[in-house]
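Just below is one structure, and these are the notes that go with it.
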Amino acid sequence: EEQGRSDSMILVSMNSRTKEITMTSFMRDVYVEIPNNGYGKLNAAYSYGGPQLLIDTIESNYKIHIDHYISVDFSAFQKIVDILGGIDMKLTDAEAKALAEDFAAAGLEVPTGAGTYHMDGATTLKYVRLRSIDSDRNRTQRQRNVLNVIIGKAKSMGISEGLELLNEILPLVKTDMS
């Protein structure tokens, strides 16, 4: 099975004492040594050997240990946001302008400037991949912002609603967790 390059790589760690979650993005274009594959961009590791080679590459270059992974493709990402009923995101003026056509195409309220807007899966995907207006660093911040909103939405659910959604979402992700 041909695997594409990873578009986004975020290390999520939880402090078991404080229950605080920290997210760290890895830049896709950073030049690293990919075990048994020479040097290349970090996002190439996934296409060469899937999640395990990407983990091995991050661990050997950054000297950190990764316990588990969750991998989601673009289609599954959109479906997950839609299963959650969409998300509300704060957009900057530049983001709002850049995404206005996508909101219109989705039949959503079209942003007219900075503010909080409701996004469906397709629009959220455009938002997290947006890089024409600023830097890759800003792009990774958008990705972390979306994850924070998704985590917040999940935390606010009741147990039965959460389990129902989990049953819909789990088939859409690849993971090494039970």
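Read-outs throughout are calculated quantities, based only on the coordinates presented, and are distinct from any laboratory measurement. On a predicted model such as this, the values are computed, not experimentally measured, just so you know. Every residue, glycine as well, gets a Cβ built from its backbone with ideal geometry; the counts of neighbours run over all protein chains shown.
Out of the helices (runs of 4 or more DSSP H) lying entirely within the range 1-120, which hold 2 or more residues that are of a type in the set (Phe, Trp, Tyr) and free of Cβ contacts under 8 Å to residues at least 40 places away in the same chain? Full working, then the answer.
Values: elements: 44-62, 74-83, 93-105.
Result: 44-62.
Step by step: first the residues of the range 128-155, then only those that are free of Cβ contacts under 8 Å to residues at least 40 places away in the same chain and crowded, with 17+ Cβ neighbours inside 10 Å, then the one that is farthest from VAL12 (Cα to Cα). Which residue is that?
Within the range 128-155, the match that is farthest from VAL12 (Cα to Cα) is LEU130.
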